[in-house]
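Structure first, then comments.
The values are calculated or read from the model by the stated rules, or taken from the named source; none is laboratory data. Quantities reported herein were computed from a predicted structural model and do not represent experimental measurements. Note that we place each Cβ from the backbone using ideal geometry, even for glycine, and neighbour counts take in every protein chain shown. The accessibility values were calculated without ligands, DNA or RNA, using every heavy atom of the protein model including side chains. Shrake-Rupley method; radii C 1.70, N 1.55, O 1.52, S 1.80 Å.
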Amino acid sequence: MEKVLITGISGGLGRLLARRLLERYEVCGVDRVPWEGHPRGVTVHVVDLRKKKFEDVFRTELPTAVVHMGFIRHFRSGEGLRHDVNVRGTKQLLDHCTNYGIQSLVVFSSGYVYGAFPENPYYMDEDHPLSASRSYPEIRDLVEVDTLASAFIWKYPHIRTSVLRPVNVLGTFVHSMIGEYLRQRRVPTVMGFDPMMQFIHEEDVCEAIALALEHGLQGVFNVTGPGAVPLHTAIRESGGTPLALPEPLVRPVFERLFRWGLWPYPTGALDYLKYPVTLSGKRFVDATNFRCLFGLEEIFQSVRR
Amino acid sequence: MARRRPHRESSALRDLLGAFLPLAVRDVGREIDERLRKLPTRLNEYGYDAFGLHLESVRTAAVPAVLLYRHYFRVETHEIERVPAGRVLLVGNHAGQLPFDGLMLSTAMLMEAEPPRICRSMAEYWVPSIPWFNVLAARSGVLVGTPENCIAMLEAGECVMVFPEGVRGMNKTFGKRYKLQRFGLGFMRLALETETPVVPVAIVGSEEQQPGLANLPRLGRLLGMPAFPVTATFPLLGPLGLWPLPVKYRIYFGEPLHFEGAPGDEDAVIQEKVDVVRLAIEDLFARGLAERRGVFR
């Protein structure tokens, strides 16, 4: 049986994925925090991706496949640390993959890497430039990770590498920025803007990752869910009340609140509440016949409080 | 159709307001519902299509548009049946400081064409950054004018309205009325790529609706707008100064034109094909100007 190493296994999505993969694979994982009560058959190593100890996991566990989803996606620990863990951790991981005979690799990137701009076309394909850092420099680490992984596809063609860029992931267990945002009772939005947003359920995302592994996909793929709705509809459907604030007020206020640690999102994130960032998932569907099981209503239901 | 939204207060408010509306307006609303019901659309469970179109918003926007269409601009359309079914590009002249020509053309396609069509139009890149207006535009079928969006629309078999003069036409001065400004070439490349028929459209009337005295694009750029027109009433009376005069609109549809060739050809080759469309619009202008008795009648 093949052995899969999952980075970030103790996160909500990592746990779901581990359970999903247990049917077909031996599963081991690394994370910065332990996973209390993990299922039998899963071994969890508490390591930092940047440290030498991470290499020992490759040495002792001898995995044949890797799913890389161990990223810091919030800003609580500071921008510098986030950037370092995400980018340098990915670099280390890619090096280990080449040195320890990994056969397939799935890198769980993000749909945010395209950036939110007024001139964005609808349903961007994978060849669209990754411009997020132009207006949202705080997430340039995600763009760098994606670029590192995409370059890896061409440098080491014998390793089946796929880079997945999912749309907004929602669910009961996953910790996503968008999930935290929608779970607020009063959800701040930018007055006069209501972009279309795509969502996908956490279980469907795990299924997509598993499919990418099983098909030995190679390349970059957007992963999309059942469809798109305007932001305000998403907020109402997930049980919140939109609180539309004028932009000239929102920007300076939230910028200060963020700097003082009272608000979790940098102001660059505001553009994602103004302009549509919609992806075309056609390439992934063509390659794997992926069909998502969860509809929009179930997705919003899962983040209702 | 869409699942009924459990959207309470606003519908109660609508019922209350509806009770005070004149009968004529209610009739228009009912007529629009009738037309919208004939539309083939792909909406999700929340009533939106993949590009943000929302039929209930179209209806809300269509009521004042139809009232303007019938009673203010008293629009006459000619040969609207020339617009073929399936994907098509409507290419028209653009004038009048505010895009009432686009509004009237799409109202014509909704109310007069058989079966009714929703015009999808391609907007300037700055439209999505205008608060409120961008939402209204998206809900009624407007998309940012990127080639990707236009191709997606045409491949979905939609009717796409383009004004290749762009702001050059919309904010031109009165002396240039009925003189087509330089056409952008993009629409022709897209027509070639997707093998879409092009229907030339001449809108007679809009060119006099708000005579421009000057255009100050530099001042406009300072304010984040692509142009800054000066008219007898703008900026003197504020934004309301751009409200159009009650001119009479005449919309003429030409024969569909089919083009062949490589979409990536050099500009000169594409330009020749674009000139065919321009000439067709100029012919329609000549006819329209000869047929009318005056600007307001």
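Mind listing whichever residues of region B:45-75 are touching an Asp or Glu at 6+ places or on another chain (Cβ under 9 Å), more than 10 Å from chain A (Cβ to nearest Cβ) and over 18 Å from B:Ile118 (Cβ atoms)?
Matches in region B:45-75: none.
Residues being buried (at least 19 other Cβ atoms within 10 Å of the Cβ) and within 22 Å of the chain's Cα centre (by Cα): count how many of those fall in region A:242-279.
14
State whether the residues of region B:157-165 include one that is over 16 Å from B:Pro197 (Cα atoms) and either small (Gly, Ala, Ser) or in contact (Cβ under 8 Å) with a residue 40 or more places away in the chain (or both).
yes
Out of the residues in region B:211-226 that are in contact with a strand residue (DSSP E or B) (Cβ under 6 Å, 6 or more places away or on another chain) and of a type in the set (Gly, Ala, Ser), state the one that is farthest from B:Leu98 (Cα to Cα).
B:Ala214
Taking the conditions exactly as written (outside any loop (DSSP other than H, G, I, E, B) and either farther than 30 Å from B:His258 by Cβ or touching a Lys or Arg at 6+ places or on another chain (Cβ under 6 Å) (or both)), does B:Val91 satisfy them or not?
Judged against the criteria, B:Val91 is not a match.
Please list, ordered by residue number, the helices (runs of 4 or more DSSP H) wholly in region A:1-113 having 2 or more residues that are closer than 28 Å to A:Thr278 by Cα and either open to solvent by 50 Å² or more (accessible area, probe 1.4 Å) or free of Cβ contacts under 8 Å to residues at least 40 places away in the same chain (or both).
Hits in region A:1-113: A:79-83.
So A:Pro195 fits all but one of (1) away from chain B (no Cβ under 14 Å); (2) modelled with pLDDT of 95 or more; (3) in contact with a helix residue (DSSP H, G or I) (Cβ under 7 Å, 6 or more places away or on another chain); (4) buried (at least 22 other Cβ atoms within 10 Å of the Cβ); what number is the exception?
Every listed condition holds for A:Pro195 apart from (1).
Every residue, every condition in (1) surrounded by fewer than 24 Cβ atoms within 10 Å (Cβ to Cβ); (2) in a strand (DSSP E or B); (3) modelled with pLDDT of 90 or more; (4) of a type in the set (S, T, N, Q), yes or no:
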site	(1), (2), (3), (4)
B:Lys172	yes, no, yes, no
B:Gly175	yes, no, yes, no
B:Arg189	yes, no, yes, no
B:Val201	no, yes, yes, no
B:Leu213	yes, yes, yes, no
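Examine region A:163-174 for a residue that is aromatic (Phe, Trp, Tyr), out of contact with any strand residue (DSSP E or B) (no Cβ under 7 Å at 6 or more places or on another chain) and within 14 Å of chain B (Cβ to nearest Cβ), and state whether such a residue exists.
From region A:163-174, those aromatic (Phe, Trp, Tyr) are A:173; that's our starting set.
Within this subset, residues satisfying the condition of being out of contact with any strand residue (DSSP E or B) (no Cβ under 7 Å at 6 or more places or on another chain) are A:173.
Filter once more, so that each one left must be within 14 Å of chain B (Cβ to nearest Cβ): none.
There is no residue in region A:163-174 that is aromatic (Phe, Trp, Tyr), out of contact with any strand residue (DSSP E or B) (no Cβ under 7 Å at 6 or more places or on another chain) and within 14 Å of chain B (Cβ to nearest Cβ).
List the number of the failed condition for A:Val187; all other conditions in (1) buried (at least 23 other Cβ atoms within 10 Å of the Cβ); (2) among the β-branched types (Val, Ile, Thr); (3) part of a strand (DSSP E or B) hold.
Failed condition: (1).
Determine whether region B:121-138 contains at least one residue that is farther than 23 Å from B:Gly86 by Cβ, away from every other protein chain (no Cβ under 14 Å), part of a helix (DSSP H, G or I) and open to solvent by 30 Å² or more (accessible area, probe 1.4 Å).
No, region B:121-138 contains no residue that is farther than 23 Å from B:Gly86 by Cβ, away from every other protein chain (no Cβ under 14 Å), part of a helix (DSSP H, G or I) and open to solvent by 30 Å² or more (accessible area, probe 1.4 Å).
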